[in-house]
C-alpha cells in the first residue's frame with residue numbers, strides 16, 4: 001500500500017510518501033514540506049496548502065492519506081492553524097475518494113519507536129532506520145509525515161479488522177444456516 | 001456591497017447573503033444552512049461543506065465573505081470541527097479571489113445589537129428587524145450568518161481605512177513636497 005502522511009501546519013505542512021506492507025521493509029518515495037508565508041492572508045495560505053497537497057497527490061497517487069489528529073489542549077493559536085491545514089489535507093484526499101485516517105501523535109510515536117512519549121529526535125532516528133535513509137529528513141515536520149505514513153501501514157491491518165467488525169455489527173442480521181455434513 | 005456570511009460548523013453551517021451599504025437599509029438575498037450527516041467520515045463532511053459553499057457562491061456571487069472567527073476556549077471537540085468547517089469556507093472564497101474577513105462573535109453581537117454579550121434571541125430579533133423579515137431565520141446558525149454579513153457591511157468602512165493606513169505605513173516613504181501658495 002502507498003500512503004501519503006501529512007503533518008499539518010499553516011507555516012510548514014510536512015508531507016511524505018511511503019510504500020510497503022506490515023512486516024516487510026518499507027520504501028520512501030518522497031518527502032518534503034508545503035510552506036506558506038506567515039504574512040499572507042489566512043485564506044490565501046489555505047489555497048497554497050491545497051495546491052501543495054494536490055501536487056503531491058498528483059505526483060505520487062497514494063491509495064491512503066494519513067493525517068495527524070489535532071488536539072486543542074496545546075497552544076491555542078497554533079492549534080487553530082493546524083486544524084485548518086488538516087481540514088484542507090482531508091478535503092483534498094476525500095475529494096478524490098481516498099480513505100483518510102487520523103492518527104494521534106502518541107500513536108505515531110508508539111508505532112515507530114515503541115514509546116508514545118518519544119522525543120522528536122528519536123522519531124527522526126527510527127524513520128531514518130526504517131526507511132534506510134542516509135540522514136533524518138529535515139525539518140522535523142517532514143520526518144513526522146513519514147512516521148505518520150509508516151504508522152498507517154503498520155496499523156492498517158488492525159484498523160481494517162476493526163472496521164469490518166463494526167460493519168458486521170451494524171449490518172442487518174441475516175440468519176445463517178448451519179451446514180453439517 | 002454583497003456579502004456572504006458564514007457561521008461555520010460541521011453539522012450545520014449557517015449561510016446568509018446580505019446586500020447594502022452602511023447607513024442605508026439592508027436587503028437579504030438568501031439564507032440557509034449547509035448540513036452534513038454526523039455519522040459520515042470527516043473528510044466526506046468537509047467535501048459536502050465545500051460543495052454547499054460553492055453552490056452559494058455560484059448562486060449569489062458575493063463580493064466579500066465574512067466568516068466567524070473561531071476561538072478554542074470553548075468545547076474542544078466542537079471547536080476543532082468549527083475550525084475545519086471555517087477553513088473550507090475560507091478556502092472556497094480565497095480560491096475565487098474573494099476577500100475573506102473574520103469577525104468575532106462579540107464583534108457581530110455588538111454590531112447588530114449594541115451589546116457584545118447579547119443572547120441568541122436578541123441577535124435573531126435584530127437581524128429580523130434590520131432585514132425587515134417576517135420572522136427570525138431558523139435555525140440560529142442561519143440568523144448568525146446574516147448577522148455576520150450585516151456586521152461586515154457596517155464594519156467594512158472602518159476596516160478599509162485601517163488597511164489603507166497599514167498599507168501606507170508599510171509602503172516605502174516617498175518624500176512629500178510641501179506646497180505653499
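Here, each number is a calculation from the coordinates, and none is a lab measurement. Just so it is clear, the structure is predicted and the values come from calculations on it, not from any experiment. Glycine gets a Cβ as well: all are built from the backbone with ideal geometry, and neighbour counts include every protein chain shown.
Here the spin labels are modelled as points 7 Å beyond Cα on the Cα-Cβ line, and at residue A:129 and residue A:168 they lie 3.6 nm apart. Residue ranges B:120-129, A:112-121 sort as B:120-129, A:112-121 when ordered by packing (mean number of other C-beta atoms within 10 Å per residue, highest first). Remark: spin-label model distance residue A:115-residue A:1 equals 2.8 nm, labels positioned 7 Å along the Cα→Cβ axis. Could you calculate the FRET efficiency of residue A:159 with residue B:138 from 1/(1 + (r/R0)^6), where r is the beta carbon distance between them and R0 is 41 Å, rounded to 0.05? Given R0 = 41 Å and the Cβ-Cβ separation, E is 0.55. Here residue A:22 yields copy-to-copy label distances, from shortest upward, of 6.0 nm, the label point defined as 7 Å from Cα along Cα to C-beta.
Largest first, the extents of the alpha carbon coordinates of the stretch A:2-170 on the three principal axes equal 44, 44, 35 Å.
The mean number of Cβ atoms from other chains found within 10 Å of a Cβ in peptide B:46-52 is 4, as a whole number.
The C-alpha atoms of chain B define a longest principal axis, and helix B:76-95 lies at about 60 degrees to it. Dividing the helix sum by the residues of chain B, where each DSSP H run of 4 or more adds -39500 (n - 2.57), gives a mean residue ellipticity at 222 nm of -17000 deg cm²/dmol.
Ellipsoid fit via the Cα gyration tensor, the protein assembly as shown: semi-axes of 42, 29, 16 Å, each the root of five times an eigenvalue, largest first.
Computed over chain A, relative contact order equals 28 percent, with contacts defined as Cα pairs under 8 Å that lie 6+ residues apart. Sorted from nearest, the other copies put their residue B:40 label points 2.8 nm away, the label point being 7 Å from Cα in the direction of Cβ. Distance from the Cα centroid of the stretch A:86-102 to that of the stretch B:108-136 is 37 Å (rounded to whole angstrom). Our compactness index for the stretch A:1-98, the C-alpha radius of gyration over the empirical 2.2 N^0.38 Å, is 1.09. Placing a label point 7 Å from Cα along the Cα-to-Cβ direction at residue B:96 gives distances to the equivalent points in the other copies of 2.6 nm, listed shortest first.
So, R0 is 25 Å and r is the distance between the beta-carbons of residue B:24 and residue A:39; what FRET efficiency does that work out to, to 0.05? Here the calculated transfer efficiency is 0.10.
Equivalent ellipsoid of the stretch B:1-45: semi-axes from √(5λ) of the C-alpha gyration tensor, largest first, are 30, 8, 6 Å. Reported to the nearest whole Å, the Cα centre-to-centre distance from the stretch B:1-65 to the stretch A:26-43 is 29.
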